[in-house]
Amino acid sequence: MADKRDYYEVLGLNKGASDDEIKKAYRKLAKENHPDMNPGDKAAEERFKEIAEAYEVLSDSEKRSRYDQFGFAGVDPSYGAGAGGGAGGFGGGFGGFGDFDIGDIFDSFFGGGTRGASRSANVPRRGESVRVQAELTFEEAAFGCTKEIPVSRIENCPDCSGSGCEKGTTPEVCKRCSGSGSVRSQVRTAFGVMSSTTACPDCSGTGRIIHSPCPKCRGKGAVRKNTTVKVDFPGGIDDGQTLSVHGAGHRGLNGGPAGDLLVTVSVRRHPQFERDGFDVYYNLPITITQAALGDSVEVPTLDGKVKYTIPDGTQTGTVFRLRGKGVQRLNSSGRGDQFVTVTVETPQNLTSEQKELLRKLGETFGEEGRKKGRKKKLL
């Protein structure tokens, strides 16, 4: 006991280290010196015990306070009391832990590690999703369409049907793990008998051994393939939205289902229309004569041109609605509307005769300041 190292020194920390620094140091050192990571290394096993003991004290605010004030005597009354002390007296002793699985402790620190992987090695797992982008025209997004989308994904090898074995051969069940893909080991430490489960080293956690690998996939059972998937885009889908095609992604593992194909839509801009939700917006330019006298005009829509009567006296900025001429609503037979904003265009490059006619027209409205030869001062 007289040779015990300072707990801060064991974890490579300075006195006053934060709780977060203590936890990080412990995780790193415990993983490096864990008996499963160093089979047969007695020195690593002793270091692991020492690291665990230091962390048990420094991670507890009350014990740490006593240790900082009184040293080992503050947390282990048997310290220096002779052979009757030892690790068994530390923190109330470890005998009560009995035979437990140290993996349960390490899973909480390392997210499962090889232990979790080995336990689920032979469990059917869903394949990963594949993400692609698809460009649609304004009209295709508005009304819906069907497209063949190029996809690069991992599929079962066509030669071995995913088994990884050459034709006419079958894999052998791993004798070491009996096909479970994992092996269990026990180490006797100061904590008691610690058990852990890791991936079988003979079969790399697969539970089987392939003696004659498939030449095409080299025993992997999978190949990457460039293919196309027919995707139905519903009417009303908008820019940036993602469509999911079930089961069109990467293959699953151990007989699990394939992942999904996630298609994110990019809608090409339209030269005339703008979209907001399921409504369409259009700017209609008209002449000053049409605005003053009214007129019947043709208005472009997603369905083609329609006739609309402009009332006399229409001003710039006037908005009229064409009901049901917008984008199809998602999962519905209904459609949005089209809003048409009128812009009255001022004529340019007038002839002398046209200017004179406009002056005379202006005089009838009382615009005396616009008589020929007289300019109205702008403020």
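Below is a table of values for the structure above.
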{"item": "Selection within the stretch 194-208 - under 20 Å from Leu253 (Cα atoms) and small (Gly, Ala, Ser)", "result": "Ala199, Ser204, Gly205, Gly207"}
{"item": "Qualifying position, being surrounded by fewer than 19 Cβ atoms within 10 Å (Cβ to Cβ) and modelled with pLDDT of 95 or more, among Glu148, Glu172", "result": "Glu148"}
{"item": "Test: residue in the stretch 322-334 that is surrounded by fewer than 16 Cβ atoms within 10 Å (Cβ to Cβ), out of contact with any Lys or Arg (no Cβ under 8 Å at 6 or more places or on another chain) and part of a strand (DSSP E or B)", "result": "no"}
{"item": "The stretch 9-35, residues that are in a loop (DSSP other than H, G, I, E, B) and among the hydroxyl-bearing types (Ser, Thr, Tyr)", "result": "Ser18"}
{"item": "Test result for Thr242, under 30 Å from Pro347 (Cα atoms), hydroxyl-bearing (Ser, Thr, Tyr) and out of contact with any helix residue (DSSP H, G or I) (no Cβ under 8 Å at 6 or more places or on another chain)", "result": "no"}
{"item": "Selected residue [within 28 Å of the chain's Cα centre (by Cα) and of a type in the set (D, E, K, R)] from Lys175, Lys225, Lys216", "result": "Lys225"}
{"item": "Residue within the stretch 36-46 that is surrounded by 15 or more Cβ atoms within 10 Å (Cβ to Cβ), assigned to a helix (DSSP H, G or I) and acidic (Asp, Glu) present", "result": "yes"}
{"item": "The lone exception for Leu330 - which of (1) at pLDDT 95 or above; (2) aliphatic (A, V, I, L, M); (3) touching a Gly at 6+ places or on another chain (Cβ under 9 Å) it fails", "result": "(1)"}
{"item": "Matching option when the condition is surrounded by 13 or more Cβ atoms within 10 Å (Cβ to Cβ) and modelled with pLDDT of 90 or more, among Ala87, Ala81, Ala73, Ala25", "result": "Ala25"}
{"item": "Residue satisfying all of: in the stretch 294-321; in contact with a helix residue (DSSP H, G or I) (Cβ under 8 Å, 6 or more places away or on another chain) and assigned to a loop (DSSP other than H, G, I, E, B); surrounded by the fewest Cβ atoms within 10 Å (Cβ to Cβ) among these", "result": "Gln315"}
{"item": "Residue match in the stretch 57-68 (condition: acidic (Asp, Glu) and crowded, with 19+ Cβ neighbours inside 10 Å)", "result": "no"}
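The values are calculated or read from the model by the stated rules, or taken from the named source; none is laboratory data. Note that the coordinates shown come from a computational prediction; the quantities given were computed from them, not determined experimentally. No Cβ is skipped: glycine too gets one built from the backbone with ideal geometry, and neighbour counts run over all protein chains shown.
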